[in-house]
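Everything below concerns the one structure shown next.
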Amino acid sequence: MVRPTENQTLAEQLLADAFAHQYRYPPNHPGFSASCRVRDEFGEVDALVALTSVCDTEAMTEVAISTPRFEWIMQDLRSLARTLWGHPYLPNEGRFPKRIDEAPHPLGPLITLHDDPHQATFRVRKHRITLATRKEGTLRHTVRMDRWHMRPDGRWLPAQWLTEVWDEVNSVRLMSDRYWDLFWPIGGELVPQLRRVDSTDDLGVTTGRSLNLGAWQRGD
């Protein structure tokens, strides 16, 4: 058995620690339902939404809405569920050997996952992931965290971040999404109150949308 080097051990420790500091619902959390006011370039619509796990989200409206509009509502609900429930570290990022580049950088040292089909990298600073990248073919996806919700116990949730998709062959940015999330404590747990997204396409056209959530009901 090949023992990990000091560099590999440090990389593993830093990334595992950052994942451990992410705020997460327990796996058996019953989820919640809420009222939701949707705002986008087409106006406003009210909906009832439910999030009970990473794989189980619903949205219902009393009026007919377009398929693209419904799809982005579901996309944002699933994204919120992934943020709140997360995924286990060990069978995912934790299974790959890692290496760290400790060259000074404002976002922290660079951790590279080896043998990962998506060639993922992470930057970590103060127990928080500040930048994550992965590749799919010729596309590179980046997520840069700019602000966090910090809990008294040191755990964090992303509050403001930027995602981008780049065509690496032509060095062209295909799209970017700027996210703002607001959470609020209810019954000792955090629940989402607001998600706002400004999306910019490859032509530089920006559109905005938001979900305002309230009237919380736990799934149990």
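The values are calculated or read from the model by the stated rules, or taken from the named source; none is laboratory data. Note that the structure is a prediction, hence the values are computed from the model and not measured. Methodologically, a virtual Cβ is constructed for each residue, glycine included, from the backbone with ideal geometry; neighbour enumeration extends over all protein chains shown.
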Open item on the list: I'd like to know if region 126-139 contains one or more residues that are of a type in the set (S, T, N, Q), in a strand (DSSP E or B), in contact with a Leu (Cβ under 6 Å, 6 or more places away or on another chain) and under 23 Å from Cys36 (Cβ atoms).
Closed with: no
Task: Within region 195-216, considering residues that are surrounded by 12 or more Cβ atoms within 10 Å (Cβ to Cβ) and farther than 30 Å from Leu139 by Cα, the one modelled with the lowest pLDDT - done: Trp216
- [ ] Check Met175 against each of (1) assigned to a loop (DSSP other than H, G, I, E, B); (2) surrounded by fewer than 16 Cβ atoms within 10 Å (Cβ to Cβ) and name the one condition it does not meet.
- [x] (1)
Open item on the list: Suppose we filter Gln22, Gln8 for residues that are within 15 Å of the chain's Cα centre (by Cα) and polar (S, T, N, Q); which single one remains?
Closed with: Gln22
Task: Residues of region 134-148 classified as surrounded by 15 or more Cβ atoms within 10 Å (Cβ to Cβ) and either at pLDDT below 95 or over 29 Å from Asn212 (Cβ atoms) (or both), total - done: 3
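If I ask for residues that are in a loop (DSSP other than H, G, I, E, B) and either within 24 Å of Arg173 (Cβ to Cβ) or among the acidic types (Asp, Glu) (or both), which ones from region 109-125 would you list?
Once the filter is applied, which keeps residues that are in a loop (DSSP other than H, G, I, E, B) and either within 24 Å of Arg173 (Cβ to Cβ) or among the acidic types (Asp, Glu) (or both), region 109-125 yields Asp115, Asp116, Pro117, His118, Gln119, Ala120.
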- [ ] Go through the residues of region 166-173 one by one and say whether even a single one is of a type outside the set (Lys, Arg), within 20 Å of Gly86 (Cβ to Cβ) and touching a strand residue (DSSP E or B) at 6+ places or on another chain (Cβ under 6 Å).
- [x] no
Open item on the list: On the basis of being within 23 Å of Trp180 (Cα to Cα) and modelled with pLDDT of 90 or more, does Gly94 make the cut?
Closed with: no
TODO: Select from region 161-172 the residues that are crowded, with 16+ Cβ neighbours inside 10 Å, farther than 19 Å from Arg24 by Cα and among the hydrophobic types (A, V, I, L, M, F, W, C) and list them in ascending order.
DONE: Val165, Trp166
Open item on the list: Tell me yes or no: at least one residue of region 53-70 is touching a Pro at 6+ places or on another chain (Cβ under 9 Å), under 27 Å from Gln193 (Cβ atoms) and not in a loop (DSSP other than H, G, I, E, B).
Closed with: yes
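Being surrounded by fewer than 13 Cβ atoms within 10 Å (Cβ to Cβ), out of contact with any strand residue (DSSP E or B) (no Cβ under 7 Å at 6 or more places or on another chain), modelled with pLDDT of 95 or more and part of a loop (DSSP other than H, G, I, E, B) narrows it down to one of Pro152, Pro106, Pro88, so name that one.
Within the list Pro152, Pro106, Pro88, the selection yields Pro106.
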- [ ] Answer yes or no: is there a residue in region 182-194 that is under 18 Å from Arg69 (Cβ atoms), buried (at least 16 other Cβ atoms within 10 Å of the Cβ) and touching an Asp or Glu at 6+ places or on another chain (Cβ under 7 Å).
- [x] no
- [ ] Determine, yes or no, whether Glu44 is touching a Lys or Arg at 6+ places or on another chain (Cβ under 9 Å), more than 25 Å from Val124 (Cα to Cα), at pLDDT 90 or above and loosely packed, with under 13 Cβ neighbours inside 10 Å.
- [x] yes
